[in-house]
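*Asks:* Before I ask anything, let me first share the structure, which is written out below as structure tokens.
Rule-based calculations on the coordinates, nothing more; no lab input. Nothing here was measured: the structure is a model prediction, and the numbers come from that model. With ideal geometry, Cβ positions are generated from the backbone for all residues, glycine too; neighbour counts draw on all protein chains shown.
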Amino acid sequence: MYGILAESQPDANTLKAIVEALNNSGSVRILPKGYKGCGQMFSKGVRQLRLFQGLDCNRFIVCYDADGNDPAKRHKDVVDGIIRPSRVGGLCCVVVPVQELEAWILADIEAVTKIFTSWRPDPIGNPESIDDPKECLKKLSRDAKHKPRYSHATHNQQVAKYLDLKKVEAKCESFKPLVNLVRLGKGNCP
């Protein structure tokens with residue numbers, strides 16, 4: 001069973017959909033918990049991981065967007081600030097999307113056509129090089145009236161169900177730790 005922590009509930013729900021898609025063995029129980037930002041995640045995450053463990057979770061995922069910062073430092077911050085203090089047993093995985101989790105959606109931007117059938121976006125070669133993937137998705141989704149169709153809080157989880165995960169893995173180095181945890185049973189925390 002998986003316990004997922006993320007900076008927001010939409011991110012936690014998106015990760016849940018991705019873990020379900022990555023899971024090769026059928027149904028799996030996943031408990032997602034999102035916060036109102038990284039400050040709250042860091043102040044309450046230790047306790048939540050312990051609660052997850054008490055609910056028989058044995059795989060733990062903590063997602064912390066890079067947001068322009070060094071991903072290695074973000075990873076260390078999660079390990080030192082949440083994972084180690086929680087002392088949970090089981091496999092732990094820190095994922096640090098570069099720059100934001102929406103980069104993974106940009107990696108397979110064609111997946112949005114499953115939600116917005118009239119939208120025909122061009123493929124994006126290197127989504128992790130985009131400074132603000134969330135804003136990029138909004139701009140790409142503007143219609144003739146200049147209103148964005150895409151809302152990350154509403155659509156990320158829906159689009160995640162249709163992502164070509166092999167494309168995401170090929171284009172986003174930050175996605176690989178999640179694949180390794182779910183498919184290979186390998187965590188990335190000491």
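*Asks:* Between I115 and D143, what length in nm is gained on full extension when 0.36 nm per residue of separation is reduced by their alpha carbon distance?
*Replies:* This chain segment gains 8.6 nm when fully extended.
*Asks:* What share of the DSSP beta bridges in the chain is antiparallel, in percent to the nearest 5?
*Replies:* Bridges in the chain that DSSP calls antiparallel: roughly 5 percent.
*Asks:* Once phi is turned into θ = phi - 60°, what whole-Hz ³J(HN,Hα) does the Karplus curve with 6.51, -1.76 and 1.60 give for every residue of the stretch 82-96, x standing for Gly and Pro?
*Replies:* Values, residue by residue: 10, 5, 4, x, 6, 6, 6, x, x, 8, 10, 9, 9, 10, 10 Hz.
*Asks:* Now, a different point. Evaluate the charge dipole of the stretch 102-165 about its Cα centre and quote only its size in Debye, nearest 20, assuming +1 on the Cβ of each Lys and Arg and -1 on the Cβ of each Asp and Glu.
*Replies:* Using only the charged Cβ atoms, the result is roughly 460 debye.
*Asks:* Considering lysine pairs in the stretch 64-190 that are 8 or more places apart or on different chains, how many have Cα atoms under 13 Å apart?
*Replies:* 6
*Asks:* Calculate the translational D of the stretch 102-165 in whole µm² s⁻¹ from Stokes-Einstein, where the hydrodynamic radius comes from the Kirkwood formula applied to all Cα pairs, the temperature is 10 °C and the viscosity 1.306 mPa s.
*Replies:* 136
*Asks:* Take D108, D77 and order them by how many other Cβ atoms sit within 10 Å, fewest up front.
*Replies:* Final ranking by Cβ density, sparse to dense: D77, D108.
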